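Below you'll find the structure, written out as structure tokens, and then a few comments.
The values are calculated or read from the model by the stated rules, or taken from the named source; none is laboratory data. Owing to the predicted nature of the structure, the values given are computational and were not obtained by experimental measurement. When we count neighbours, we look across all protein chains shown, and the Cβ atoms used for this are built from the backbone with ideal geometry, even at glycine.
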Amino acid sequence: MDEVTPDEAFLTVYSDLAREGPGMPADVAWALYVAGTPTAGRIMDAGCGSGADTVTLAKERPAAQIEAVEQIGQYVAAAQKRCAPFGARVQVRQGDMAQITGPYDLLWGAGALYFRGVTEGLRQGRDALAPGGAVAFSEACLLPNPSANALAFWSQYPQVTNAEGIRARVAAAGYRSLGERMVIGAPWEAYYTSMSARIAALRPTAHGSLRDALDEAEAEITRWKAAPSEIAYLLMVVAPE
């Protein structure tokens, strides 16, 4: 395999996965229920990746108009292919989720606020919500009395807090919580099982930046295996006050 840049190596490792992070269709269905998203509502999947959750949104709300935005062209193409069976009611485009306008009944962003910050992202998304609209997002969450292994897993994400800290960031943005759900255990195992298979497939011909990216992904899996019952996202459905 030809030498690739670190960014290209990262995308190679994270391509052809079922999804780009932990989560299950049941999490999406739960969020739609808690948010009270109308059957024929308008939904935005912000930072849709390769479209796993976009597909679930379309199945759960078969009369809804769904838009999905993703910055990485490679993921956009994959999401468009996945969503093609739904026809014109599901539109996937390349773009910046910070520039969406709406109005939407639900902004779904599984990990969309990870780099933007919870408070900042919610403030930016407020103007894109329809009256009565809600935002669903997941955020890294420390469980009570985290072990050294759990803290080590999140060592590269210093913003991580417990649930109270996430709720404080939601309140600082002028939102209230409609519901909470922990993403823990099985969704992470499924994600890392898929990742392990991807690593195994790429490893025989990997060198340079790609080998480094594989090593980093493998190390992440090892850290998760050291504390699988403690590594969690908090999925929240929130609405403006």
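Of S138, S209, all but one fail to be of a type outside the set (A, V, I, L, M, F, W, C), surrounded by 15 or more Cβ atoms within 10 Å (Cβ to Cβ) and assigned to a strand (DSSP E or B); the exception is S138. Within the stretch 178-203, being farther than 23 Å from A29 by Cβ and either modelled with pLDDT under 95 or touching a helix residue (DSSP H, G or I) at 6+ places or on another chain (Cβ under 7 Å) (or both) holds for M195, S196, R198, I199, L202, R203. Selection of first residues in the stretch 22-38 that are free of Cβ contacts under 8 Å to residues at least 40 places away in the same chain and of second residues that are among the β-branched types (V, I, T), restricted to Cβ pairs under 6 Å at least 6 apart or on distinct chains, gives the following pairs, ordered by first then second residue: P25/T56.
Scanning the stretch 174-191 for residues that are outside any strand (DSSP E or B) and free of Cβ contacts under 8 Å to residues at least 60 places away in the same chain yields a total of 2.
Take the residues of the stretch 179-206 that are farther than 30 Å from A163 by Cα and either under 20 Å from the mean Cα position of the chain (by Cα) or of a type in the set (D, E, K, R) (or both): which is surrounded by the fewest Cβ atoms within 10 Å (Cβ to Cβ)? First the steps, then the outcome.
Initially, the stretch 179-206 is screened for residues farther than 30 Å from A163 by Cα, giving 197-206.
Checking which are either under 20 Å from the mean Cα position of the chain (by Cα) or of a type in the set (D, E, K, R) (or both) leaves us with 198, 203.
Working: R198: 18, R203: 13.
Among them, the one singled out is R203.
The lone criterion from (1) over 20 Å from E120 (Cβ atoms); (2) more than 18 Å from the chain's Cα centre (by Cα); (3) surrounded by fewer than 16 Cβ atoms within 10 Å (Cβ to Cβ); (4) touching a residue at least 60 places away in the same chain (Cβ under 8 Å) left unmet by P144 is number (4). Cβ-Cβ distances below 6 Å connect the following pairs, each with a first residue in the stretch 220-241 that is farther than 17 Å from Y114 by Cα, a second residue that is among the β-branched types (V, I, T) and surrounded by 22 or more Cβ atoms within 10 Å (Cβ to Cβ), and a separation of six or more residues or different chains: W224/I231. Selection over the stretch 97-132 of residues that are closer than 14 Å to D45 by Cβ and of a type outside the set (V, I, T) gives a count of 14.
Residue count for the stretch 61-120, restricted to those that are in a strand (DSSP E or B), within 17 Å of the chain's Cα centre (by Cα) and closer than 26 Å to A168 by Cβ: 4. For the stretch 1-24, the set of residues classified as surrounded by fewer than 16 Cβ atoms within 10 Å (Cβ to Cβ) and either over 21 Å from F115 (Cα atoms) or at pLDDT 95 or above (or both) consists of M1, D2, E3, T5, D16, A18, listed by residue number.
Look through I199, I166 and report the one residue that is touching a Cys at 6+ places or on another chain (Cβ under 9 Å) and touching a residue at least 40 places away in the same chain (Cβ under 8 Å).
On the way: I199 fails: touching a Cys at 6+ places or on another chain (Cβ under 9 Å).
When all the criteria are applied, what remains is I166.
Here Y157 passes the criteria (1) touching a helix residue (DSSP H, G or I) at 6+ places or on another chain (Cβ under 7 Å); (2) more than 30 Å from T37 (Cα to Cα); (3) in contact (Cβ under 8 Å) with a residue 12 or more places away in the chain except the one numbered (1).
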